[in-house]
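Read through the structure below, which is laid out as structure tokens, and then see the notes.
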Amino acid sequence: MKDELQKPDAPLPADKLFKSYLHLVSKRESEEIYRMQEPAGEGIMKHTHIAKGIELVYSELESYNPCYQAARKTVDVLEIMYIAEGHAEFELENRQFASGDKGDVMFFNSRTGTRKCSLGKSGMNCISLILFPRETVSFLNGFLSCKEFTTDDFFNEIRSSDSCIRFPADELLEKLFLEMMQRPSEFSKHYIRLSVVHAILLMMHKHQGRDHSDLYFSGTTGRKVQQVRRLITSQLETDISIEQLAQKIHLNRTTMQEVFKEMYGLTINAYRTQVRIQHAKNLLVSTNRSITEIAGLCGYSNASKFSGAFKRSTGMLPKDWRQTHTDGS
């Protein structure tokens, strides 16, 4: 099986994956749309072949069971996932834990498979680049008319480690990933290919010199910090202190704060403010509640404090934001 998958002219393992776990819905030049089948989960995947060794997959997932991991370990493969919408929590086969939110880029290698994946209530939309290093390096050298790329230097540390790396995408990288799924029909294949190459080069440069702080955490600590996020989002009207959160999850306060920031890219208080302001925006446009009432529902003791926090976040007072974003205003 391994030798078959590594033959230069053999079907890519991605092809085997799609045929085994997904039902083909439609097919046109260079693009296939699949519906997931049990036990893989629920959702739609759009598969685009970019070049030999490079596959692009856009997924809209309601639930996901990574049941193909055993097959993936038979080859050297790297998955780079950009989370366009939603949240996902991954428990890996070595019992470590990784978590990603909207705007995060996550690197998974084939050495440590994903044992379990839990998605947020609204599911997850993500864009994945499936890279087979030997073929990808050959393509990059040919595409760019050079000999600078080698397999040994191609994300080698990530591919050979038992670790997952996560970092928030900057504005340019986010733009490139979104271009991979939103292109005009004319010359779309070429636009997508250019975006993929640009993103790979950017991430290769970005990875240089990254430290161990990007690696995922132990499953126990990760799951405890997950609880912090759930406590915050389920009790926005309650001002739970950092000390109280640490006590509730039975974790050292300093460790909890450090791991939370590594996992979600924000301090606990900054994350809570972000979620509160988003909840406030939803209430402002979907209800006729007063500013004072919304302030209380979002955990602010009075309308003045709420308005100050809202303006710092959005640049507008709540009443002005509501007027601007309400139809018919």
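The values are calculated or read from the model by the stated rules, or taken from the named source; none is laboratory data. Remember, predicted model here, so these are calculated numbers, not experimental data. Every residue, glycine among them, receives a Cβ derived from its backbone with ideal geometry; neighbour counts consider all protein chains shown. These area figures cover heavy atoms from the full protein model, side chains too; ligands, DNA and RNA do not enter into them. Shrake-Rupley method; radii C 1.70, N 1.55, O 1.52, S 1.80 Å.
Counting only C-alpha contacts under 8 Å and six or more residues apart, can you give the relative contact order of segment 257-329 as a whole percent?
Rounded, it is 22 percent for segment 257-329.
Averaged per residue, what accessible surface does segment 43-155 expose to a 1.4 Å probe, in Å²?
38
Based on the mean of other beta carbon atoms within 10 Å per residue, what is the order of 225-231, 99-105, 138-144, most packed first?
The densest-packed peptide leads the list: 99-105, 225-231, 138-144.
If you place +1 on the Cβ of every Lys and Arg and -1 on the Cβ of every Asp and Glu, how big does the dipole about the Cα centre of segment 276-325 come out, in debye to the nearest 20?
Charge dipole of segment 276-325: 100 debye, to the nearest 20.
How far apart, in nm, are the 7 Å Cα→Cβ label points at Lys311 and Ser188?
Between Lys311 and Ser188, the simple spin-label model gives 4.6 nm.
Around Asn65, under 11 Å between beta carbons, what's the net of Lys plus Arg minus Asp minus Glu among the other residues?
Once positives and negatives cancel, what remains is 0.
Need one number: nm distance between label points at Asn288 and Glu258, each 7 Å from Cα along Cα→Cβ, rounded to one decimal.
The modelled label-to-label distance comes out at 5.3 nm.
Among the GluC sites (Glu not before Pro) within segment 234-329, which fall in a DSSP loop and have no more than 16 other Cβ atoms within 10 Å of their own Cβ?
Glu237
Over segment 217-297, with every protein chain in place, what whole percent of the accessible area is carbon and sulfur at 1.4 Å, could you tell me?
45
Once phi is turned into ³J(HN,Hα) by the Karplus curve 6.51 cos²θ - 1.76 cosθ + 1.60 with θ = phi - 60°, what whole-Hz value does each residue of segment 316-322 show in order, with x for glycine and proline?
9, 6, x, 5, 6, 5, 4
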